[in-house]
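Trainee: Quick one: this structure, given as structure tokens, is what I'll be asking you about.
FYI, it's all coordinate maths here, none of it is from the lab. Keep in mind it's a predicted model, so treat the numbers as computed, not measured. Note that we place each Cβ from the backbone using ideal geometry, even for glycine, and neighbour counts take in every protein chain shown.
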């Protein structure tokens, strides 16, 4: 009889422990795709991309003009002028190559900058709902089940640091 009572008590205690932890999931990308502000971000990105394309075309036009001038006048140039024009062409080629390499990064940075307020709105809403509905952890469906919210009461970081004798200043 004592064993049965002990087992029942153990099950009840375990269930109580499990009920204190509530885990939810969220698909941030899906929420983002449904936000009306995303249309403005998309339009701004298109405009930004068009501006980068224009800059690239201007650089290519300048390069082509110098190249045409060089090709049409090589017979009349002195050796010093040939070297100077070749240096100009090489510098422009390097500038164009660097611009192409940086354009992808510039677009990514701009997109992150424009989407940051949307992600902040999602995070604020998530935190409000998680607290109101007593979620202790929320996992992201988008990022391989990354924990994107955790109740600070369940964070063991400070306790572990204290146990290890490490002080926080």
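Trainee: Which whole-number value in Å³ per residue fits the convex hull of the alpha carbons of the chain?
Mentor: Enclosed volume per residue, from the Cα hull, is 234 Å³.
Trainee: Got a sec? How would 76, 50, 142, 25 order by Cβ neighbour count within 10 Å, fewest to most?
Mentor: Listed from fewest to most nearby Cβ atoms, that is 76, 50, 25, 142.
Trainee: Please compute the volume of the convex hull spanned by the alpha-carbon atoms of the stretch 75-132 and report it per residue in Å³.
Mentor: 70
Trainee: Semi-axes of the equivalent ellipsoid for the stretch 68-107, please: Cα gyration tensor eigenvalues, times 5, square-rooted, ordered largest first, whole Å.
Mentor: One finds semi-axes of 30, 9, 4 Å for the stretch 68-107.
Trainee: Need the full-extension length gain, residue 104 to residue 124, defined as separation in residues times 0.36 nm minus the C-alpha distance. One decimal, nm.
Mentor: Using 0.36 nm per residue and subtracting the Cα-Cα distance, I get 4.2 nm.
Trainee: How many nm separate the modelled label positions at residue 77 and residue 144, each set 7 Å beyond the Cα in the direction of the Cβ?
Mentor: Distance between the two pseudo-spin positions: 5.2 nm.
Trainee: Please determine, in degrees from 0 to 90 and to the nearest 10, the orientation of helix 2-19 with respect to the longest principal axis defined by the Cα atoms of the chain, where the helix direction is its Cα long axis.
Mentor: Here the helix axis deviates by roughly 30 degrees.
Trainee: Mind checking which of 54, 83, 115 has the largest fluctuation in a GNM of the chain, springs on alpha carbons under 10 Å?
Mentor: Highest fluctuation among the options: 83.
Trainee: What angle do you read, to the nearest 10 degrees and between 0 and 90, between the alpha-carbon axis of helix 79-132 and the longest principal axis of the chain?
Mentor: Approximately 20 degrees, to the nearest 10.
Trainee: What does the extension gain come out to for residue 153 and residue 113, with contour length at 0.36 nm per residue minus their alpha carbon separation?
Mentor: Length difference between fully extended and current span is 11.2 nm.
Trainee: Continuing with this model, one more query. Could you please rank 151, 143, placing first whichever residue has the fewest other Cβ atoms within 10 Å of its Cβ?
Mentor: Listing 151, 143 from fewest to most nearby Cβ atoms yields 143, 151.
Trainee: Just from the alpha-carbon atoms, what are the Rg and Dmax of the stretch 85-169 in angstroms?
Mentor: Both quantities, over Cα of the stretch 85-169: 23.1, 70 Å.
Trainee: Any idea how far the Cα center of the stretch 39-81 sits from the one of the stretch 116-169, in Å?
Mentor: The distance from the Cα centre of the stretch 39-81 to that of the stretch 116-169 comes to 49 Å.
Trainee: Hey, another quick one. How much space per residue, in cubic angstrom, does the convex hull of the C-alpha atoms of the stretch 23-72 take up?
Mentor: So the per-residue Cα hull volume is 89 Å³.
Trainee: So, one more: If we count other beta carbons within 10 Å of each Cβ, what is the order of 70, 90, fewest first?
Mentor: Lowest count first: 90, 70.
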